[in-house]
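All of the numbers you see were taken from the coordinates with simple rules; none came from a lab. Just so we're clear, the structure is a prediction, and the values are computed from it rather than from any experiment. Because the Cβ atoms are built from the backbone with ideal geometry, glycine has one as well, and the counts that use them run over all protein chains shown.
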Amino acid sequence: MASNLDQIYEEAMSLPDESKAALAERIVEYLVTHVNPDLEILQLDIVKRRRDEMRLKKVEPVDGPDALAMARRIISK
């Protein structure tokens, strides 16, 4: 499967940018409409817990780009 997925990826990367964007939108739309309900409930519970932690000042929110940079630093160690 990995080689098949790699092949599909390579083909997608050879598309014009507009086609890449359209393909990405279609894949995202599929994923949004095919979410496992149990997983969605679990994710919403986590989001609500994190929201409450921020409201109670138990944690500080981190901007998306900063969080991504921190995650990359941790992974590269």
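Positive-end ranking of SER19, LEU39, VAL62 along the dipole of the chain, with charges on Cβ about the Cα centre, is headed by VAL62.
Given +1 at the Cβ of Lys and Arg, -1 at the Cβ of Asp and Glu and no other charges, the dipole of the chain around its Cα centre is 660 debye to the nearest 20.
Picking from ASP45, ASP63, ASP17, which is most flexible by a Gaussian network model of the chain using Cα springs under 10 Å? Most flexible of the set in this elastic network: ASP63.
Across all Cα pairs in the chain, the calculated P(r) in 10 Å bins from zero up to the longest distance comes to 14, 21, 38, 21, 5 percent per bin.
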